[in-house]
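The values are calculated or read from the model by the stated rules, or taken from the named source; none is laboratory data. Keep in mind that what you see is a predicted model, and the values were worked out from it rather than measured. Glycine also receives a Cβ, built like all others from the backbone with ideal geometry; neighbour counts cover every protein chain displayed. To get the accessible areas, we keep the full protein, side chains included, count just its heavy atoms, and leave off ligands, DNA and RNA. Shrake-Rupley method; radii C 1.70, N 1.55, O 1.52, S 1.80 Å.
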Amino acid sequence: MNGTLTIFRREFAAYFNSPIAYIFIIAFLVLNGGLFMTSFFLQAAADLRAFFGNLPFFLIFFIPAVSMRLWAEDKRLGTFELLMTLPIRAGDVMLGKYLAALAFYLVALAGTLPLPIMVAALGNPDVGAMWSGYLGAALLGALYLAVGTFTSGLMRDQISAVILGIMACFVVFIVGVAGVAATIDGWLPGVGSFLQQYVGLSGHYDMMLRGVISLADMTYFMGMTAIFLILNTLWLEGRKY
Amino acid sequence: MIEVRDVSKSFGTMAALDRVSFSLNKGEILGFLGPNGAGKSTTMKIVTTFLAADSGSVTVDGIDVLEQPLAVRSRVGYLPENVPLYLDMNVQEYLEFVGRARGLGGARLRQRLDWCVEACGLVTEYHKPIGELSKGYKQRTGLAQALIHDPEILILDEPTSGLDPLQILGIRELIKSLAGAKTIIFSTHILQEVSPVTDRVVIINEGRIIADGRVGDLQREAMGSNRVFLGARQDAAAVSPLLEGLAGVERVEHLAADGGCRFEVRAPFGTELLGDLHRLAREQGWELNELHEAPYSLEDTFIALTKRSVRPGAQQEVV
């Protein structure tokens, strides 16, 4: 656990040691805020539906850009060999890195808090739905990050890592879309709806967006995240052979 | 302390190591020699648990590297060939990070930091970002990183590569100063690096160990004979048969290219070649301008051993 903490601190500091962190956060806030504001005044409804609704698609691009450096950068610098010969289990090193990226994402997400404050000032929003929306956004980011961390390990350079990450996140997103599931069902009966329910995230995320926090949806997000983190650990262990 | 037994490793279809075996006692320094791509780094990566062997076994301090990799890692300080540095950190932050990751903290960490920075000559660079350091200082930071937890075993992959002669001397002195207290393996493809630090070498070529022993013994084994250079102000044609007639002499080579009367005389180790030649010269009244033994350089040895390993069964030919 101490090892995880040491890795976490170094990785989290690494985000803020370069200007990239600030550019990321500003881009995240400006794009998200901008997208939200355009629809907010048109809709004239005091809620954050539009903001949370944009996130699954927006994060497909944002999250892999956050996670791309996690392993790929260490491979480039040669520090991967250092990390894998420290007396820390590979899984703990991975967890430290993952949690650092997650903390970075949560910092960026926390930057959007003026939005609910503004909405609350302008109208009378459903506070519960906003809370569950934020919880959903955090879980959504956690899942994409697990995917992105895993794909970062498979690649030697950051550009390939980010492209593979975007594709993987896109797949997790798109199989949950009803139309896509129906199309897949048309080719392979049952497969599309299976993927939609157990792999795709839209259905689970939409429930949270509406203010419903169910055990099934929580299990989905945490389970999928765990699966990708375990895959990452298995890759780290298997890489030796 | 370190036991490598019958270790083989291949990457895809390419065999990187082929039944490599050697062992190292506590306090010994081992020079691990071989051309680029011979398998030095792969061997070190296996000993440090970064890679796993396909077959064979490696134990460090009696601990199997596959069964208890974490226990092995905590005993080993490792400097990989590609020095693992976080360029965005400064020297202090980096060494503190590695120290903490290796379980140090508090006063112990302070004390080890001070020692490493002093020993590796990093005092002036302590607060500089690693990305701005020269190659020599980067290498020293890498070395300090390997020493931070005061490991019993040091594995250094090409610790002097890319350094200038003065820096090489510094690293060499540092390794020598650790001799006895630590068990050290260091690899290099530069032969002159070995002799000043240790006389125990393992030579690897194309994934196979081709020699293991003391430098002197290896030279004897590889070259088979001693050689003496003799130069005199005489008629070469008259000198040559007398040299060939000397008891024990295997080969006499007229070094005509050097001009005049100069010979390389070879006889098996153990014969008093130099003394015999000296006596002969005195008896004949030769006016000598050169008479000395010429020990083989490590290069000669290396080349002879490498050739032999490439053509198995050609041993007699070389001797």
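Values for this structure:
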read-out	value
Conditions (1) among the hydrophobic types (A, V, I, L, M, F, W, C); (2) open to solvent by 10 Å² or more (accessible area, probe 1.4 Å); (3) part of a helix (DSSP H, G or I); (4) in contact with a helix residue (DSSP H, G or I) (Cβ under 7 Å, 6 or more places away or on another chain): number failed by B:LEU163	(3)
Count of residues meeting criterion [open to solvent by less than 10 Å² (accessible area, probe 1.4 Å) and free of Cβ contacts under 8 Å to residues at least 60 places away in the same chain] in the stretch A:126-142	0
Selected residue (criterion: farthest from the chain's Cα centre (by Cα)) from residues of the stretch B:172-194 that are at pLDDT below 85 and part of a helix (DSSP H, G or I)	B:GLN192
Residue within the stretch B:261-271 that is in a strand (DSSP E or B) and open to solvent by 50 Å² or more (accessible area, probe 1.4 Å) present	yes
Of residues in the stretch B:58-89 being within 24 Å of B:SER161 (Cβ to Cβ) and open to solvent by 30 Å² or more (accessible area, probe 1.4 Å), the one farthest from the other protein chains (Cβ to nearest Cβ)	B:GLU81
Residue match in the stretch A:51-67 (condition: not in a helix (DSSP H, G or I) and not charged (D, E, K, R))	no
Single unsatisfied condition, B:PRO151 versus (1) under 23 Å from B:THR183 (Cα atoms); (2) part of a loop (DSSP other than H, G, I, E, B); (3) more than 11 Å from chain A (Cβ to nearest Cβ)	(3)
Checking B:ASP212 against (1) farther than 24 Å from A:LEU82 by Cα; (2) modelled with pLDDT of 85 or more; (3) open to solvent by less than 30 Å² (accessible area, probe 1.4 Å), the condition it does not meet	(3)
Failed condition for B:GLU250, given (1) touching a Ser or Thr at 6+ places or on another chain (Cβ under 9 Å); (2) buried (at least 19 other Cβ atoms within 10 Å of the Cβ)	(2)
Test result for B:ALA15, surrounded by fewer than 18 Cβ atoms within 10 Å (Cβ to Cβ) and in the same structural domain as B:VAL202 (by TED's automatic domain parsing)	yes
Residue satisfying all of: in the stretch A:79-126; assigned to a helix (DSSP H, G or I) and among the hydroxyl-bearing types (Ser, Thr, Tyr); nearest to the other protein chains (Cβ to nearest Cβ) among these	A:THR79
Pairs where the first residue, in the stretch B:141-168, is among the basic types (Lys, Arg) and the second is open to solvent by less than 30 Å² (accessible area, probe 1.4 Å), C-beta under 8 Å, 6+ apart	none
